[in-house]
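Following: one structure in structure tokens, then a few remarks.
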Amino acid sequence: MTTLTPQKPVTPRTEGVIPAPNRDRRTRRDDGWEDDWRELVDAVREAGRYPTRAEAESVTRIVLSALGGHVVGDERVDLARALPEEAARVIASQIPATRPLTAAEFVDSVATRIEGTTPATARWDVSSVLSVLPPLVGDALVTRILDRLPPGYALLFGRAELSRAE
């Protein structure tokens, strides 16, 4: 006797765009949270052109871990809420940094966490992860995060760095 199990409906995706998190799916205890994490890692893999999913996942964890120490306050809470559960855990588990790093120092700190990397490849890794966040968490939250970070981070998130008029 053959038993059929219902399949999840296929969600149409636009190439290269991470769909906004489905809040209903994130409130249930099923594999939806894991699916959201996979989608994030797959987007990083595509953005960074990583040869394996494992490499993209490692880079994603390292960059989000570094970011978690530098995003604080309401922005940190809102970022964790907007991310897949696994990514939220990585962000939230970090102790806040004692001083904000410049964007270049941030990239250098990531370079020390990835074996055999250079500052140039670390910048690629950081940008590959951070540039996929705006479609996932929303531009308004990214703007708030950038307002709290030192100048220079916008480019890492795939945005132009605009100077304020004085």
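At-a-glance table
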read-out	value
Percent accessible area from carbon and sulfur atoms, the range 105-166, protein chains only, probe 1.4 Å	56 percent
Packing rank of 59-66, 111-118, 71-78, 149-156, where each peptide gets the mean count of other beta carbons within 10 Å, highest leading	59-66, 149-156, 71-78, 111-118
Mean projection area, nm², convex hull over Cα of the range 61-164	6.2 nm²
For the range 117-157: Kirkwood Rh in Å [reciprocal of mean 1/r, alpha carbons]	10.7 Å
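The values are calculated or read from the model by the stated rules, or taken from the named source; none is laboratory data. On a predicted model such as this, the values are computed, not experimentally measured, just so you know. Quick reminder, even Gly has a Cβ in these numbers, built from the backbone with ideal geometry, and neighbours come from all protein chains shown. All accessible areas refer to the heavy atoms of the entire protein, side chains included, with ligands and DNA or RNA removed. Shrake-Rupley method; radii C 1.70, N 1.55, O 1.52, S 1.80 Å.
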